[in-house]
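Enquirer: After the structure tokens below, expect a handful of questions from me.
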Amino acid sequence: MIVKPKIRGFICTTAHPVGCAHNVQRQIDYVLGHGPIKDGPKKVLVLGASTGYGLASRIVAAFGSRAETVGVFFEKEADGKRTATAGYYNSVALEEKILAEGLYTRSVNGDAFSDEVKQQVVEILKRDVGPVDLVVYSVAAPRRVHPRTGKVSKSVLKPVGRGYTNKSIDMQNAALEEVTLPAATEEEIEQTVAVMGGEDWHYWIDILEENGLLADGVTTVAYSYIGPEVTQGVYRNGTIGRAKDHLERTANELDARLKKINGRALISVNKALVTQSSSAIPFIPLYFVILSKVMKEKGLEEDTVMQIDRLFRDFLYSGEPPATDEAGFIRLDDRELRDDVQAIVNERWDQLTQETLSGLADLEGYQSDFLRLFGFGLPGVDYDADVDVGRTLPSLKESPAS
Ligand code: NAD
């Protein structure tokens, strides 16, 4: 099949297997270029391992620390007419590269919220890996079926308390617009917390602990976002912010519990980046295109793998207790939130009009980052070539339990 991008709203419905493999290789090269991580983790479970921050976490664990990795994600395989999703191709490519290094890898493609997938992971760990020393929670999902009540919750991105109006951008047409979002109902807040809060992370730690699958000194980390004043209305003071509050409280509870096995639960507050999840949040892409231009001008821009590589080397495995803010969070968003960066972002935000947009914002950078998420626009890939889109995850081909 000759695969071209097909954009629908904030999603691309096709993905290029060769381009995705290039993306993965680029991240691996970055990690290898920084040398081995001393005293890094050796047995790692990554939940939400196929794209964005979770993919980067699996790459840093495997290639920076030569860890055995088990990755869980929810992706679609190709079905004859359609390509697989980017996360599926990323994971195929990553597993091939991990196996070529002689390292263990295993993936589970299914709903991380379900008891079945949790049980499957427990069986894999018991059979092949043993207790894990790092659990990364990086699931970002639009919905969750609660494993105990069967209730279906949907994550919505709305302000809390009152409606919110601000500038936004229609990325497909590069058009500046004013968007008003109505305030979320109590039910919408509750459902967003059910999907993106900490309950599922808690359930994962519970089942791993019950089965003796948490190593002495285990670390678990989940990713959060705070962001600047300009996104507060829809993010931190919105439904997703309520979910992040819950995730952060969960970290405190887990941290207290894991102390008895010398373990720790941490929150890493990461920087805003173009991922499949973040491009769906109203206002955030506009903030992002302004931010990334400023950060590039100042030589401060980082992508997912740069952030997670820094998380492992400078915080989680630096040999010292990780530096945190007063709330106990690791702050990888330190460069994003620097006063000098935010002062320019705010100034440019105020100056935004349709005419000034292309000068003040990195629209081209956004478009190319977005397409890259799906394996398009990468140097060295022949996009006119006929490619085999029907790939299979190597660990599923070989494993007796698959
Ligand atoms: P992403 O969309 O790139 O990745 C989400 C991952 O979750 C994928 O691997 C996907 O397959 C998996 N997933 C979705 N539903 C699932 C399910 N039901 N079962 C199993 N796996 C499932 O997202 P991301 O932007 O990397 O976000 C990861 C975390 O990082 C989130 O908690 C997010 O809030 C946080 N974060 C993101 C940003 C950002 O700007 N992108 C900034 C700070 C923090």
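The values are calculated or read from the model by the stated rules, or taken from the named source; none is laboratory data. All values reported here derive from a predicted model rather than from experimental measurement. We place every Cβ from the backbone using ideal geometry, glycine too, and count neighbours over all the protein chains shown. Heads up: the accessible areas ignore ligands, DNA and RNA and are worked out on the full protein's heavy atoms, side chains in. Shrake-Rupley method; radii C 1.70, N 1.55, O 1.52, S 1.80 Å.
Enquirer: Among the residues of the stretch 131-142, is any away from the ligand (no atom under 14 Å from the Cβ), farther than 17 Å from residue 390 by Cα, open to solvent by 50 Å² or more (accessible area, probe 1.4 Å) and modelled with pLDDT of 95 or more?
Expert: Yes, some residue in the stretch 131-142 is away from the ligand (no atom under 14 Å from the Cβ), farther than 17 Å from residue 390 by Cα, open to solvent by 50 Å² or more (accessible area, probe 1.4 Å) and modelled with pLDDT of 95 or more.
Enquirer: Across the stretch 197-208, what is the number of residues that are open to solvent by 20 Å² or more (accessible area, probe 1.4 Å) and in contact with a strand residue (DSSP E or B) (Cβ under 8 Å, 6 or more places away or on another chain)?
Expert: So the first thing to find is which residues in the stretch 197-208 are open to solvent by 20 Å² or more (accessible area, probe 1.4 Å), and the list is 199, 202-203, 206-207.
If we keep only those that are in contact with a strand residue (DSSP E or B) (Cβ under 8 Å, 6 or more places away or on another chain) as well, we get none.
Qualifying residue count for the region: 0.
Enquirer: Let me ask another. Looking only at helices (runs of 4 or more DSSP H) that lie completely in the stretch 209-297, which have at least 3 residues being open to solvent by less than 40 Å² (accessible area, probe 1.4 Å) and within 12 Å of the ligand (Cβ to nearest atom)? Outline the logic, then answer.
Expert: Numbers: elements: 229-232, 239-258, 284-297.
The helices (runs of 4 or more DSSP H) meeting that bar are 239-258, 284-297.
Enquirer: A follow-up question, please. Quick check, is residue 168 open to solvent by less than 20 Å² (accessible area, probe 1.4 Å), hydroxyl-bearing (Ser, Thr, Tyr) and more than 30 Å from residue 60 (Cβ to Cβ)? Before the answer, list the steps.
Expert: Numbers: open to solvent by less than 20 Å² (accessible area, probe 1.4 Å): yes; hydroxyl-bearing (Ser, Thr, Tyr): yes; more than 30 Å from residue 60 (Cβ to Cβ): yes.
Against the criterion (open to solvent by less than 20 Å² (accessible area, probe 1.4 Å), hydroxyl-bearing (Ser, Thr, Tyr) and more than 30 Å from residue 60 (Cβ to Cβ)), residue 168 qualifies.
Enquirer: Sticking with this one: Quick test of your reading of the structure: residue 75 fulfils all but one of (1) within 16 Å of the ligand (Cβ to nearest atom); (2) surrounded by 24 or more Cβ atoms within 10 Å (Cβ to Cβ). Name the failing condition by number.
Expert: Of everything listed in (1) within 16 Å of the ligand (Cβ to nearest atom); (2) surrounded by 24 or more Cβ atoms within 10 Å (Cβ to Cβ), residue 75 misses just condition (2).
Enquirer: Quick one: in the stretch 318-356, which of the residues that are among the charged types (D, E, K, R) and in contact with a Lys or Arg (Cβ under 9 Å, 6 or more places away or on another chain) is surrounded by the most Cβ atoms within 10 Å (Cβ to Cβ)?
Expert: Selected residue: 336.
Enquirer: Could you say whether any residue in the stretch 91-99 is closer than 26 Å to residue 204 by Cβ, within 17 Å of the chain's Cα centre (by Cα) and either in a loop (DSSP other than H, G, I, E, B) or not acidic (Asp, Glu) (or both)?
Expert: Within the stretch 91-99, one or more residues are closer than 26 Å to residue 204 by Cβ, within 17 Å of the chain's Cα centre (by Cα) and either in a loop (DSSP other than H, G, I, E, B) or not acidic (Asp, Glu) (or both).
Enquirer: Against the condition over 18 Å from residue 289 (Cα atoms) and among the small types (Gly, Ala, Ser), how does residue 227 come out, does it pass? Don't jump to the end; show me each part of the working.
Expert: Values: over 18 Å from residue 289 (Cα atoms): no; among the small types (Gly, Ala, Ser): yes.
Here the answer is no, as residue 227 does not meet what is asked.
Enquirer: Considering each residue of the stretch 33-54, count those that are open to solvent by less than 10 Å² (accessible area, probe 1.4 Å), farther than 15 Å from residue 218 by Cα and touching a helix residue (DSSP H, G or I) at 6+ places or on another chain (Cβ under 6 Å), and give that number.
Expert: Counting residues in the stretch 33-54 that are open to solvent by less than 10 Å² (accessible area, probe 1.4 Å), farther than 15 Å from residue 218 by Cα and touching a helix residue (DSSP H, G or I) at 6+ places or on another chain (Cβ under 6 Å) gives 2.
Enquirer: For residues in the stretch 298-317 being open to solvent by 50 Å² or more (accessible area, probe 1.4 Å) and of a type outside the set (D, E, K, R), which is farthest from residue 276 (Cα to Cα)?
Expert: 299
This table checks each residue for (1) within 15 Å of the chain's Cα centre (by Cα); (2) more than 9 Å from the ligand (Cβ to nearest atom); (3) under 17 Å from residue 313 (Cα atoms); (4) modelled with pLDDT of 95 or more.
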residue: 26; (1), (2), (3), (4): no, yes, no, yes
residue: 30; (1), (2), (3), (4): no, yes, yes, yes
residue: 43; (1), (2), (3), (4): no, yes, yes, yes
residue: 52; (1), (2), (3), (4): yes, no, no, yes
residue: 60; (1), (2), (3), (4): yes, yes, yes, yes
residue: 63; (1), (2), (3), (4): no, yes, yes, yes
residue: 71; (1), (2), (3), (4): yes, no, no, yes
residue: 81; (1), (2), (3), (4): no, yes, no, no
residue: 89; (1), (2), (3), (4): no, yes, no, yes
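Enquirer: Given the condition over 17 Å from residue 140 (Cα atoms) and either among the polar types (S, T, N, Q) or touching a residue at least 40 places away in the same chain (Cβ under 8 Å) (or both), answer yes or no: does some residue in the stretch 193-207 qualify?
Expert: yes
Enquirer: Look through 372, 391 and report the one residue that is part of a loop (DSSP other than H, G, I, E, B) and among the basic types (Lys, Arg).
Expert: 391
Enquirer: Answer with yes or no whether residue 141 is aliphatic (A, V, I, L, M), touching a Pro at 6+ places or on another chain (Cβ under 9 Å) and not in a helix (DSSP H, G or I).
Expert: Details: aliphatic (A, V, I, L, M): yes; touching a Pro at 6+ places or on another chain (Cβ under 9 Å): no; not in a helix (DSSP H, G or I): yes.
Against the criterion (aliphatic (A, V, I, L, M), touching a Pro at 6+ places or on another chain (Cβ under 9 Å) and not in a helix (DSSP H, G or I)), residue 141 does not qualify.
Enquirer: Can you tell me which residue among 179, 160, 152, 156 is within 16 Å of the ligand (Cβ to nearest atom), in contact (Cβ under 8 Å) with a residue 40 or more places away in the chain and hydrophobic (A, V, I, L, M, F, W, C)?
Expert: Exactly one residue qualifies, and that residue is 156.
Enquirer: So which residues in the stretch 1-28 are among the charged types (D, E, K, R) and more than 13 Å from residue 93 (Cβ to Cβ)?
Expert: Across the stretch 1-28, the qualifying residues are 4, 6, 8.
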